[in-house]
Amino acid sequence: MSANVDLNNRPDYDRVLQDIADYVLTFRVESSEALTTARNCLIDTMGCGLLALRFPECTKHLGPLVDGTVVPFGARVPGTSYRLDPVKAAWDIGCIIRWLDFNDTWLAAEWGHPSDNLGAILAVADHLSQKRVAIAEPPLTMRDVLDAMIMAHEIQGVIALENSFNRVGLDHVILVKVASTAVSARLMGANREQMLSALSHAFADGQALRTYRHAPNAGSRKSWAAGDAASRGVRLADIAMRGEMGIPGVLSAKQWGFYDVSFSHTNNDLALKAEGKRAFSFSRPFGSYVMENVLFKISFPAEFHAQTACEAAVMLHPQVRNRLHEIDRIVITTHESAIRIISKVGPLANAADRDHCLQYMTAVPLAFGDLVAEHYEDDFHKAHPIIDVLREKMVIVEDPRFSREYLEPDKRSIANAVQVFFKDGSSTDNVLVEYPLGHRRRRAEGIPLLEDKFKANLATRYVRQRCDEIFALCEDQARLEATAVNRFIDLFVI
């Protein structure tokens, strides 16, 4: 046989795809902690989307691509009157969820925001529920939504534990696309072959670059990239449900597969198999671990690696607010991941640039005692030159212990310490916060505040009676789980 021909023996589906498919098709959620956390995640994520509707830069992206389009049984976008096809609805819901960088977070070798997948989940579940009711079939329930959330969190989070996409320049929204594809196909009733086909196409897509998250190109695409990925997941699931063939060796194919094309330059040794072949590495099976351990952003709409720095800055505010012009330097002691992705100097071009700048996110609460979404806007930044004065005085230092414990499974801290030194030689205490308010270790402290955050976000869109009705349903686990998805979404329609 000539050496210049390809051997055309079609392989079995890559093991990773089979593991994801079998998990989504067979796993039964039994963890009460995961279900309770998923309910809290649901209300927080919905609230983040409602709050984003106050910002025209977000809302300009919403609605049908062709004005006046009428979609039978169209999926609704919470907080609006839009009724869209599920692909565009997933885009819109995902966009509002992520716009303010205020929804949940997962930090490991890769980072991300697993609740981004709710855009796909709600769009598909609402559309299907309306169709089912129209033909006298039972709709999907919110328990189906919570189960799908837990699975989407798990797929995105477990892959992220030991596989760094950012180190090869790919954005973490690839994992939103993969997870949204899987759970959308599940909600649509996929069999195993359809599920495998859908997943293979998610990896076959061209993947987003991280360039829009980093200096000097940081910009607002990072606020809609996850919605784009979630909508693509819905589209790929639909394509597979129509009988489209899959690509069994999409990951492992020599030269043409994902590993060789898109994952071949990583310096993450864990991504290499013992025989030296590039592949994903897994430290645990799929279950409900990620939802149980997910991080909530409770206090600040800020990139999560800066959350504890913001907390420390708020604590220091009373000591420094009247001495801002006496400051000689500000030392922020942090971890390697924060330095790699959000430490930056020089001009900040836009709100998206500012909410991914460790120095900016620390300077604002030092000077003003809080950090809210409006603090990133151009008008606020221009009106307060003290922010850039403080940024210029900041020194960033890595603590190896912080970097190590950031990755330890039993800790997963996100530590930052802030200390202010004055020109007269005096200084504040070195204020250290190792675990942010939204960490699993601070659930008892954090959940009441998470509920307050949800109530405040509801109040930005609805009258008091509607707010009370929504909150009463959402705080009752059993009643919420039994509620039809279309009835749940009814409450959020304007």
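Structural remarks
- Our helix-only sum for the chain, with -39,500 (n - 2.57) per DSSP H run of n ≥ 4 divided by its residues, gives a mean residue ellipticity at 222 nm of -15000 deg cm²/dmol.
- Taking the centroid of alpha carbons for each part, the range 152-187 and the range 115-133 are 19 Å apart.
- Close Lys-Lys pairs in the range 15-296, where close means Cα under 18 Å and separation is 8 or more or interchain: 8
- In this simple spin-label approximation, D468 and R401 carry label points 7 Å from Cα along the Cα→Cβ vector, and these lie 5.0 nm apart.
- Around the Cα centre of the chain, unit charges on the Cβ atoms of Lys, Arg, Asp and Glu (plus for the first two, minus for the last two) sum to a dipole of about 440 debye.
- The slack in the chain from D476 to A134, taken as 0.36 nm per residue of separation less the alpha-carbon distance, amounts to 120.4 nm.
- Sites T460 and L432 - FRET efficiency at Förster radius 35 Å, r taken between beta-carbons, to 0.05: 0.55
- Rounded Å value of the spacing that divides the Cα centres of the range 291-312 and the range 385-462: 7
- Label point distance in nm, D260-A204, each placed 7 Å from Cα along Cα→Cβ: 1.7
- Count of Lys pairs (Cα-Cα under 21 Å; at least 8 positions apart or interchain) in the range 304-436: 4
- DSSP-loop trypsin sites (Lys or Arg not before Pro) across the range 406-479, with at most 13 other Cβ within 10 angstrom: K423
- Using the 1.4 Å probe convention, the accessible area of the range 15-296 works out to 35 Å² per residue with neighbouring protein chains retained.
- Distance between modelled label sites at D452 and A253, nm, 7 Å Cα→Cβ extension: 5.5
- Between the Cα long axis of helix 464-474 and the first principal axis of the chain there is an angle of about 60°, rounded to the nearest 10.
- Heavy-atom surface of the range 304-436, accessible at 1.4 Å and reported per residue (Å²): 41
- Within the accessible area of the chain, the carbon and sulfur atoms contribute 51%, probe 1.4 Å, all protein chains present.
- Net charge in the neighbourhood of E445 (other residues with Cβ under 13 Å of its Cβ; Lys, Arg +1, Asp, Glu -1) is +1.
- This structure gives Cα extents along the principal axes in Å, computed directly, and of [x] 88, 56, 45; [y] 77, 67, 43; [z] 72, 60, 53 that value is listed as [y].
- Under 15 Å, Cβ to Cβ, from Y406 - net charge with Lys/Arg +1 and Asp/Glu -1: -3
The values are calculated or read from the model by the stated rules, or taken from the named source; none is laboratory data. Note that the structure is predicted; figures quoted are calculated from it, not measured. Note: ideal-geometry Cβ built from the backbone for every residue, glycine included; neighbour counts use all protein chains shown. Please note that ligands, DNA and RNA were not included when accessible areas were found on the heavy atoms of the full protein model with its side chains. Shrake-Rupley method; radii C 1.70, N 1.55, O 1.52, S 1.80 Å.
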